Each structure stands twice: as structure tokens, then as C-alpha cells.
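Structure first, then comments.
What follows is calculated from the coordinates using simple rules that are stated; it is not laboratory data. All of these numbers come straight from a predicted model, not from anything done at the bench. Ideal geometry is used to build each Cβ from the backbone, glycine not excepted, and the neighbour counts take in all protein chains shown.
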């Protein structure tokens, strides 16, 4: 059985993802600016950027929901594997940020070591 902090982490980490998703749905331009992603000035491009941000927010909320279901069921292996998917999602978001704007990856990678560590603990890598 994993330490309770690991299962608490499996609850908190998806909630962070969900809050970011809700924020992206509410105000995509402000959220993009907060993570140093340039918001286009041209109306058509601005609308497209807002729509893509909302897609991203919807994805975050769906991932949060699925990870919270894993937590609710209490299966540590399922929680750990789900968090690995969250780690992949965050990692690739950082890579895409590098491709798109040439930086800003640490806005996505900040919690990546924590997500991987909690996942490893839930999967039994620490004993």
C-alpha cells in the first residue's frame, strides 16, 4: 500500500489540471498571456488562438475527470498509470511550446518531476 501522501498527490495533481482547463474556457486570452504565449492581434488569428485554447481546456478537464475517477476507485496502479498519461501530456505540451514560440516549456514542465515521482510511488517503485 502506497503512502497516503502519494494518493493525496493523485487527487491534487489532476485538480491543478482541471483548474487550468476551466480557466482556459473562461478567459483563453488571459490564460495564454499568463503562460507567456503570444496572443495574436489580428481578429481572425485571435479567434483561432482562443478556440485552440478552449480545445486545450476541454482536454484538461476531461483528463482531470478521468484521473479523479481513478483516485475515487482507489486502485493505486490505475492512479499511477493515469498520472503517467498526465506526465506525457504535460511533457508534450512543453515540447509543442518550444516548437511554436521557441520557449515557455517550463510553464508545462514545472510539476513534471512531481507527477512522475507520485506515479512511480503509486506503481511501487519506492518499495
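In table form, for the structure just shown:
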quantity	calculated
Among the candidates 7, 17, residue that is surrounded by 13 or more Cβ atoms within 10 Å (Cβ to Cβ), more than 18 Å from residue 110 (Cα to Cα) and in contact (Cβ under 8 Å) with a residue 40 or more places away in the chain	7
Selected residue (criterion: farthest from residue 74 (Cα to Cα)) from residues of segment 102-118 that are more than 12 Å from the chain's Cα centre (by Cα), buried (at least 18 other Cβ atoms within 10 Å of the Cβ) and in contact (Cβ under 8 Å) with a residue 40 or more places away in the chain	104
Selected residue (criterion: farthest from residue 15 (Cα to Cα)) from residues of segment 32-51 that are touching a residue at least 24 places away in the same chain (Cβ under 8 Å) and surrounded by 13 or more Cβ atoms within 10 Å (Cβ to Cβ)	37
Condition broken by residue 72, with the remaining ones in (1) touching a helix residue (DSSP H, G or I) at 6+ places or on another chain (Cβ under 7 Å); (2) within 25 Å of residue 2 (Cβ to Cβ); (3) surrounded by fewer than 18 Cβ atoms within 10 Å (Cβ to Cβ) satisfied	(1)
Test: residue 99 is more than 15 Å from the chain's Cα centre (by Cα), more than 14 Å from residue 17 (Cα to Cα), in a helix (DSSP H, G or I) and in contact (Cβ under 8 Å) with a residue 40 or more places away in the chain	no
Residue 66 being under 17 Å from residue 9 (Cα atoms) and under 15 Å from the mean Cα position of the chain (by Cα)	yes
